[in-house]
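A.B. asks: I'd like to ask you about the structure that follows.
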Ligand code: PLP
């Protein structure tokens, strides 16, 4: 692991930001999680565009522009590779997660006098954390995972725009806490009308009557980079796609359910609470889309 703090690359123990940093005090920050394939960041342009979107939505002036961010990410990846060689591989790891890197880019409004007023922030902070990737194990893809619909509600769009990827994640932390207590891999959050929105760190898809269904962006969800890739792939594969609202009952009667995120790619959901999804095994549409995803993302590195 190496950390780039405002352009200085240091080991984790030396990576410091101020306790007056508003990212720490208020979650007043935006961020991206990016992973590599064959050592190269995947969908980097989309991640950088979303970072700019998130910053714009909360009126945060980013300390680095997109080119600088890409450069600093590249420097930090190079330094991590040089320092550690290839990351160690876990025997249970899925092959496409071996020898790859996780990168978290965090930009905060900076430190200043304590107080909510954003004008108190003087100097925005930029951090890039690079670590060996720890994706879901091969077992998660082969058997599927359990997810639960949690009692914690999704952030209402009128509170914090959920299309902005900000550091204010307390509702997601509490959602994951509830999911773990119920033995689940991921928490699905409902909005205040009872519609399914997204996972704590994933987007959700269902296969209903052979068609792919996912909540629309108008549901006030994060525009997942992986969601975008999956929608592109589905259309190219001739799978009909509906971006329409999803109720918990739709997931219960779906033939297949899966979740997507940068870290997970496409992970089949085979249990929803105490019930099996479909046949209780990863389904054919999920497997087909994941194979197509693998060809796109991993093609260059042959995994
Ligand atoms: N939804 C939320 C709330 C997230 O935090 C994330 C990622 O962490 C996602 C969806 C998936 O987005 P992506 O595919 O860009 O990783």
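A.B. asks: Looking at this structure, is residue 96 in contact with a helix residue (DSSP H, G or I) (Cβ under 7 Å, 6 or more places away or on another chain) and within 17 Å of residue 44 (Cβ to Cβ)?
C.D. replies: Spelling it out, it is not the case that residue 96 is in contact with a helix residue (DSSP H, G or I) (Cβ under 7 Å, 6 or more places away or on another chain) and within 17 Å of residue 44 (Cβ to Cβ).
A.B. asks: Can you pull out the residues in region 252-273 that are within 16 Å of the ligand (Cβ to nearest atom) and not in a strand (DSSP E or B)?
C.D. replies: Of everything in region 252-273, those that are within 16 Å of the ligand (Cβ to nearest atom) and not in a strand (DSSP E or B) turn out to be 262, 263, 264.
A.B. asks: Would you confirm whether or not region 205-220 contains a residue that is within 11 Å of the ligand (Cβ to nearest atom), assigned to a helix (DSSP H, G or I), surrounded by fewer than 18 Cβ atoms within 10 Å (Cβ to Cβ) and not assigned by TED's automatic domain parsing to the domain that holds residue 126?
C.D. replies: no
A.B. asks: Conditions: (1) surrounded by fewer than 19 Cβ atoms within 10 Å (Cβ to Cβ); (2) at pLDDT 95 or above. Residue 110 meets all but one. Number of the miss?
C.D. replies: So the condition that residue 110 fails would be (1).
A.B. asks: Take residue 235 and tell me if it is assigned to a strand (DSSP E or B), more than 16 Å from the ligand (Cβ to nearest atom) and touching a strand residue (DSSP E or B) at 6+ places or on another chain (Cβ under 8 Å).
C.D. replies: no
A.B. asks: Looking only at region 26-51, which residues are modelled with pLDDT of 95 or more, out of contact with any strand residue (DSSP E or B) (no Cβ under 9 Å at 6 or more places or on another chain) and not in a strand (DSSP E or B)?
C.D. replies: Residues satisfying the conditions are 45, 46, 49.
A.B. asks: Also, I was wondering about something else. Specify the residue that is surrounded by the most Cβ atoms within 10 Å (Cβ to Cβ); the eligible residues are those in region 133-167 that are out of contact with any strand residue (DSSP E or B) (no Cβ under 8 Å at 6 or more places or on another chain) and at pLDDT below 95.
C.D. replies: So, considering only residues that are out of contact with any strand residue (DSSP E or B) (no Cβ under 8 Å at 6 or more places or on another chain) and at pLDDT below 95, the one surrounded by the most Cβ atoms within 10 Å (Cβ to Cβ) is 155.
A.B. asks: Let me ask you something else. When you scan region 74-94, how many residues do you find that are over 19 Å from residue 7 (Cα atoms) and either at pLDDT 90 or above or touching a strand residue (DSSP E or B) at 6+ places or on another chain (Cβ under 8 Å) (or both)?
C.D. replies: Going through region 74-94 one residue at a time, the tally reaches 7.
A.B. asks: A further question on this structure: In region 177-202, how many residues are surrounded by 20 or more Cβ atoms within 10 Å (Cβ to Cβ) and within 11 Å of the ligand (Cβ to nearest atom)?
C.D. replies: 9
A.B. asks: Taking residue 273, is it surrounded by 14 or more Cβ atoms within 10 Å (Cβ to Cβ) and on the phi > 0 side of the Ramachandran plot?
C.D. replies: Considered against the rule, which asks whether it is surrounded by 14 or more Cβ atoms within 10 Å (Cβ to Cβ) and on the phi > 0 side of the Ramachandran plot, residue 273 comes out as yes.
A.B. asks: How many of the residues in region 57-73 are in contact (Cβ under 8 Å) with a residue 24 or more places away in the chain, part of a helix (DSSP H, G or I) and either more than 15 Å from the ligand (Cβ to nearest atom) or touching a strand residue (DSSP E or B) at 6+ places or on another chain (Cβ under 7 Å) (or both)? Can you show your working first?
C.D. replies: Looking only at region 57-73, we keep the residues that are in contact (Cβ under 8 Å) with a residue 24 or more places away in the chain, and these are 57-64, 69-70, 72-73.
Those still in the list that are part of a helix (DSSP H, G or I) too: 57, 69-70, 72-73.
From what is left, the residues that are either more than 15 Å from the ligand (Cβ to nearest atom) or touching a strand residue (DSSP E or B) at 6+ places or on another chain (Cβ under 7 Å) (or both) are 69-70, 72-73.
Adding up the residues that qualify gives 4.
The values are calculated or read from the model by the stated rules, or taken from the named source; none is laboratory data. Please read all numbers here as calculations on a predicted model, not as lab measurements. Because the Cβ atoms are built from the backbone with ideal geometry, glycine has one as well, and the counts that use them run over all protein chains shown.
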